[in-house]
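Colleague: Just passing along the structure, written as structure tokens.
The values are calculated or read from the model by the stated rules, or taken from the named source; none is laboratory data. From a predicted model like this one, the values you see are computed outputs, not experimental measurements. Positions of Cβ are generated from backbone atoms using ideal geometry, with glycine treated the same way; all protein chains shown enter the neighbour counts. Side chains included, ligands, DNA and RNA excluded: accessible areas come from the protein's heavy atoms. Shrake-Rupley method; radii C 1.70, N 1.55, O 1.52, S 1.80 Å.
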Amino acid sequence: RRGDIDPESGVRESGHRILWPILPPDESTIGSSHFNHGFLPTITGINSPGWITVTEHGVRQSFDLTRVMFSRGNVTEKKRFGSLVQPGECVLDMYAGIGYYTLPALVHGKARHVTACEWNVHALSALRYNLKANRVENKATVLEGDCRVSLKALIEKSSNVDDDIDATTEDNQFDRISLGLLPSSEGGWTMAVSCLRRSTGGWLHVHANVPTAEQQSWTHWLCHTLARIAIEQRHGEPNSNDWVAVCTHVEKVKSFAPKVDHVVADVFVGPCDSPKMPSLKGGSCSTTGVVDSVGKFTATPLDNDSPPSCALNEEGILHQNWLHS
């Protein structure tokens with residue numbers, strides 16, 4: 001198979017075509033009746049020519065390879081994310097796809113509940129199938145469409161309910177959020193911060209394609225940006241200025257291109273006195289900053305608001321209009 005995905009396509013429709021078996025364009029026998037002249041099956045879903053199942057660490061992932069993408073290079077990050085999720089947590093997967101991180105959170109992390117957002121109709125079909133195949137469909141809610149729209153509606157619904165009498169409100173505040181969108185999930189950061197549990201904050205796992213030479217500056221800029229968003233959203237609330245962003249680890253998932261890596265930053269965003277706040281060495285828990293590979297904490301400069309080249313702005317190497325709409 002081969003194909004391209006238009007970087008300006010928010011839906012990320014696959015452009016793959018089946019190269020083998022080679023079918024004559026005019027063949028009309030039963031065995032080839034599902035293929036058009038470009039060798040793209042005209043049917044999709046279970047039992048279609050492109051439907052396959054990949055099992056990784058005991059998690060079954062089925063999908064139509066002619067309709068959605070799949071990367072073997074993410075296998076270690078799926079396992080790592082599942083190990084980070086704690087039993088009983090409420091998890092939000094803002095870019096769920098076929099269940100890359102939703103499934104490990106439920107199967108291995110034993111999350112209490114996962115809310116999975118997706119807008120590609122073919123990925124949605126596979127996601128629902130995979131939840132049932134892994135017997136975790138009763139612990140997941142699937143939100144269709146643009147997550148910035150569906151989550152806004154979810155937040156508004158929760159804000160109109162008395163927290164003391166409606167248990168679902170707790171499920172609509174999240175302890176851990178996956179932002180697994182490349183080349184950048186920056187377009188979802190504001191919504192992600194607003195979805196964190198209001199009393200304690202929580203963890204954001206931020207995916208991005210970052211130039212190797214910019215990783216340190218990108219991480220500090222990320223923390224500075226997330227802390228600013230959190231404080232602005234809680235303006236006027238008691239102790240709103242006590243919210244900080246602390247990155248405890250940056251995981252290299254794979255090389256994306258020469259001198260550009262697919263990384264995931266684990267960032268705690270919440271009040272500095274939160275029980276979820278990671279213990280820091282060499283720094284105050286009331287400060288936004290980054291923990292390096294040897295456990296040393298470095299505070300992020302207060303004026304660290306200069307975006308790196310991989311930020312989604314008109315002057316950066318990445319600029320996707322659909323993320324700003």
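Colleague: My understanding is that a pair violates if its Cα-Cα distance is over 27 Å; which of Lys252/Lys276; Lys110/Lys132; Lys152/Lys259; Lys110/Lys296; Lys79/Lys139; Lys139/Lys252 do that in this structure?
Modeller: Lys152/Lys259; Lys110/Lys296; Lys139/Lys252
Colleague: Taking 0.36 nm per residue of separation and subtracting the Cα-Cα distance, what length does fully extending Lys152 through Arg72 add?
Modeller: So the extension gain works out to 25.6 nm.
Colleague: Considering amide H positions built from the backbone, and no H for Pro or chain starts, which residues 5 or more places from Ile177, or on another chain, come under 5 Å of its amide H?
Modeller: Long-range HN contacts for Ile177: Leu92, Trp203, Leu204, His205.
Colleague: Among residues other than Phe81 whose Cβ falls under 15 Å from its Cβ, what is the net charge (Lys/Arg +1, Asp/Glu -1)?
Modeller: Neighbourhood net charge equals 0.
Colleague: Can you give me the distance in nm between label points at Ser306 and Lys79, each placed 7 Å from the Cα along the Cα-to-Cβ direction?
Modeller: With each label placed 7 Å out from Cα toward Cβ, I get 4.0 nm.
Colleague: While we're on this one: In Å², and per residue, what accessible area does the range 60-165 have when probed at 1.4 Å with the other protein chains present?
Modeller: 44
Colleague: Quick one: which residues, 5 or more positions from Ala208 or on another chain, have an amide H under 5 Å from its amide H? H modelled 1.01 Å from N in the peptide plane, none for Pro or chain starts.
Modeller: Result for Ala208 returns Val263.
Colleague: Count the net charge of all other residues whose Cβ sits under 12 Å from the Cβ of Ala105, scoring Lys and Arg as +1 and Asp and Glu as -1.
Modeller: Value of the local net charge: +4.
Colleague: Taking amide H positions as placed in the peptide plane 1.01 Å from N, state which residues far from Thr141 in sequence (5 or more) or on other chains have amide H under 5 Å from it.
Modeller: Val114, Thr115, Ala116
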